[in-house]
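To start, the structure itself, in structure tokens.
The values are calculated or read from the model by the stated rules, or taken from the named source; none is laboratory data. Everything numeric here is computed off the predicted structure, so don't read it as measured data. Don't worry about glycine lacking a Cβ; one is built from the backbone with ideal geometry, like all the others, and counts go over all protein chains shown. Side chains are part of the model used for accessible areas, which takes the heavy atoms of the whole protein and leaves out ligands, DNA and RNA. Shrake-Rupley method; radii C 1.70, N 1.55, O 1.52, S 1.80 Å.
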Amino acid sequence: MSPNEPLRVIEPDGGVNGYDSRLTEDQLIHCYRTMVSVRVFDEICLKLQRSGRIAFSIPNKGVEATQIGAASVMKTSDWLFPSYRDFGMALYHGVTPLRMMQNMFGNAEDQAKGRQMPVHFSFEEPIRFYSISSPIGTHIPQSVGAAYAAKLRGEDTVCLTSFGDGGTSSMGFHSGLNFAGVWKAPVVFLCQNNGWAISCPVEEQTASEGFAIKARGYGMPGVLIDGNDLLAVRKATEEAVERARAGEGPTLIEALTFRMGGHSTSDDPTRYVPKDMVDYWAKRDPIERFEKYLEGVGLWSPEMGKALYDEVTEEIKEAARQAEKISSPALDTIFSDVYAEMPPHIRSQGQAAFDLARTRGDAEAGDGDFPL
Amino acid sequence: MTTRTLLQAINDGLHTVMKEDPSVLVFGEDVGVKGGVFLVTEGLQKEFGKERCFDTPLSEDGIVGAAIGMAMNGLKPVAEIQFQDFIFPAFDQIVSEAAKLRYRSGGQYTAPMVIRTPYGGGIQGGLYHSQSGEAYFCHTPGLKVVIPSTPHDAKGLLIASIEDPDPVLFLEPKALYRAVKGEVPEGHYTVDLTTLREARPGKDVVIFCYGAMVPVAMKAAELASENGIDCRVVDLRTLLPLDEEGVLEHAKAVGRVVVLHEAPRFCGYGGEISALIAENCIEYMEAPITRVAGFDTPFPNTLEHHYLPDHRRVLDAVERTYHF
Ligand SMILES: Cc1ncc(C[n+]2csc(CCOP(=O)(O)OP(=O)(O)O)c2C)c(N)n1
Ligand SMILES: [Mg+2]
């Protein structure tokens, strides 16, 4: 295999050339179910956004295998440092669609208390899915710090840090990989090269022949993989995690994939993505690819696929129905959590805001006396 | 004259200077084919080609650093930062480099350039697509900071900024991009970078404000007039350097002052206006100077309508000041 040939496991006919994923049948189905859930969650969010019920969402159609394949290797004692296009990692580890929908609606049950835009999730159980920040690349050195801390504290913890092709141009990418290399930190960098950073094609993002080879400059191995092949993602991540756990340091994985939708619900990709590129990737759908494999091992049939799709759709629709019913966060959520202890100037601003809202009659449901 | 939105006026301004001056370049993330995420640079690449209007890699540090180099070597860069919230990787380049280059080289090197960036709330953008960071930059000697609030000023101030010999941070109130319309002269004209604008005459209370808060102040002033309070509204528009004389004249003439901005209050720009007046003409004041500002918290998402100062909060301050 030439260094520019991405690692592939699932052949067009569904065969895997003897690769053993070490996933049980239940786990394989769980991977499949999670990919379908991501796609359905997306479809429903798109509809919610178009009908004005949520403000924003970020499509994942086409990139599901990368997130799920990588997440499937991680243990719940590990840390995920995701980008905004990775929520499948949370779903895989048992964050329910309802918890995610609370964030999409920014309601009183949202774990980020309605402070962040939709899709900017934050969870700490069942796995640490680190709070997503909009500024690109900032989480990369942070993940290295967390991984190095684990090493210093003698914990068996690996950090999986995900970012896009655009993210590789950030300062965080450079400092993060540099530190990780020097410290031999137990971290796996997952660069999801989906060809575009909003409207900027990858050729204008870098003059390098790819991202995997950048690893060399930071003193770590780099691996190029087919990101639409769940088992290839799993295989590469597994090897990287093993290295990390063995104290051999970080790895950079470049997963080639493609987002079939816009960058976000605010974006119209037809303005810049050539149609033949969309057609090319449409034939390489990661879910269909995995179905082929599952079919070959007797775990999938069109009927099973349809039944699972319907079941997942009902579950996520129900989550949306429930989340929509929940009121907005209470007014005091503007003022709490700025510091561990609320300083007097913030307290008095909160009190004034609350008094004004009360006299106008537009305090949020759930607002009692200003409670803080 | 043509009626344009604020966004169209900025596009028109860029178009006008690019046509006149081949050394003007427009670049940043997604400004080319896409025309920017708000479509401010729409059509520029098509008209002027990829050499004059182009996308850059995703690095604000790179964008501003490269702009400085271009500026010192004879080009006139107009760099876009996609959201003001994402300017911080370039903070070093702006604060340590662009703003200090003339001074540290004894005038041998300069960085005449413009950084355009949308700022402020009102689009349900949460913590990182809503901030008003003007105060960080107004604390930086060597930099100019400009915020338009009308289409006419947007175009004229932008052209003046591009022609200015010093680096200018041009903050665009994104909430007003499509919300305000006005008459915009055709072709080249400038609005000079040293004078404020009286947006509404009045004699009882003066509201100092800028950017997206100007329409909020205007609405509050209208409501106040129904209660018999005659508000003057002053649009500061060039925050650094500030038209200090103009501020003092208006403050003295009216004697009751409200200062309004959407950025957090603590160490916000309003503190500077307030101190300027207190130091120079406190004896004219008939009531305490009152600030209306964003809260000293990060910018929330669902409850942004509570966070952002609205006409009712301004009216409340106007009434308190008037009845003091
Ligand atoms: C520092 C910073 N600059 C700009 C942006 C605006 N922005 C959001 S996503 C994005 C493109 C990211 O592309 P990539 O890293 O390839 O991830 P993808 O969206 O393709 O998954 C840009 C420019 C940002 N969020 N942060
Ligand atoms: Mg990308």
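What the table shows:
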quantity: Of all accessible heavy-atom area on the protein assembly as shown, the percent that carbon and sulfur account for (1.4 Å); calculated: 52
quantity: Flagged links, alpha-carbon separation over 26 Å, of B:LYS76/B:LYS144; A:LYS47/B:LYS34; A:LYS283/B:LYS50; calculated: A:LYS283/B:LYS50
quantity: Per-residue average of Cβ from other chains inside 10 Å of B:301-314; calculated: 5
quantity: FRET efficiency for A:LEU23 and A:VAL182, using Cβ-Cβ distance with R0 set to 30 Å, rounded to 0.05; calculated: 0.30
quantity: At q = 0.08, 0.09 Å⁻¹, base-10 log of I(q)/I(0) for the protein assembly as shown (Debye sum, equal scatterers on each alpha carbon); calculated: -0.67, -0.84
quantity: Kirkwood hydrodynamic radius of the range A:1-94, Cα pairs, Å; calculated: 15.2
quantity: Fully extended contour minus Cα-Cα distance, from B:GLU245 to B:THR195, at 0.36 nm per residue; calculated: 17.1 nm
quantity: Which of A:ASN60, A:VAL182, A:ALA212, positive extreme of dipole for chain A (C-beta unit charges); calculated: A:VAL182
quantity: Charge context of B:GLY271, other residues only, Cβ under 14 angstrom, K/R +1, D/E -1; calculated: -2
quantity: Cubic angstrom per residue, convex hull over Cα atoms of chain B; calculated: 124
quantity: Equivalent-ellipsoid semi-axes of chain A, from the Cα gyration tensor, Å, largest first; calculated: 36, 26, 20
quantity: Label-point separation in nm, B:GLU47 to A:GLU5, each point 7 Å along Cα→Cβ; calculated: 5.1
quantity: Residue-span extension gain [B:HIS188 to B:LYS19] - 0.36 nm each, minus C-alpha spacing; calculated: 59.8 nm
quantity: Alpha carbon convex hull of the range A:74-127, projected area averaged over orientations, nm²; calculated: 3.3
quantity: Cβ-Cβ FRET estimate between A:TYR280 and A:ALA246, R0 fixed at 22 Å, reported to 0.05; calculated: 0.05
quantity: Computed [θ] at 222 nm, deg cm²/dmol, chain A (DSSP H ≥ 4; -39,500 (n - 2.57); rounded to nearest 500); calculated: -13500 deg cm²/dmol
quantity: Chain A - percent relative contact order, Cα under 8 Å, separation 6 or more; calculated: 22
quantity: Computed E for A:SER348/B:ARG312 - FRET, C-beta separation, R0 22 angstrom, nearest 0.05; calculated: 0.70
quantity: Long-range amide H partners of B:ARG291 with built H, under 5 Å; calculated: B:VAL259
quantity: Fraction of beta bridges assigned by DSSP in the range B:167-324 that are antiparallel (%, nearest 5); calculated: 20
quantity: Accessible solvent surface per residue of chain B, calculated while the other protein chains remain in place, 1.4 angstrom probe, Å²; calculated: 37
quantity: Volume of the Cα convex hull of the range A:249-372, divided per residue and given in Å³; calculated: 272
quantity: The range B:1-73 and the range B:83-113: distance between their alpha carbon centers, rounded to Å; calculated: 19
quantity: Rotationally averaged projected area of the range B:1-156 (alpha carbon convex hull; nm²); calculated: 9.4
quantity: Choice from A:THR168, A:THR270, A:THR359 showing the highest fluctuation, given a GNM over chain A with Cα pairs closer than 10 Å; calculated: A:THR359
quantity: Debye, to nearest 20: dipole size of the range A:134-262, +1 on Lys, Arg Cβ, -1 on Asp, Glu Cβ; calculated: 380
quantity: On Cα atoms only, tilt of B:311-322 relative to the major axis of chain B in degrees; calculated: 50
quantity: Difference of contour (0.36 nm per residue) and Cα-Cα distance, B:LYS203 to B:ASN227; calculated: 7.2 nm
quantity: 17 Å reach of a label modelled at B:THR3, 7 Å along Cα-to-Cβ, counting backbone N of the range B:200-226; calculated: none
quantity: Simple label model, 7 Å out from Cα along Cβ direction - B:HIS139 to A:GLU125, nm; calculated: 4.0
quantity: Under 23 Å from A:LYS184, Cα to Cα: lysines that are on another chain or at least 8 residues apart; calculated: A:LYS75, A:LYS151, A:LYS214, A:LYS235
quantity: Computed Rg/Rh of the range A:185-253, alpha carbon atoms with Kirkwood Rh; calculated: 1.00
quantity: Ellipticity estimate at 222 nm from DSSP helix runs (n ≥ 4, -39,500 (n - 2.57)) divided over chain B, nearest 500; calculated: -10000 deg cm²/dmol
quantity: The range B:197-322: C-alpha pair distances exceeding 26 Å, %; calculated: 13
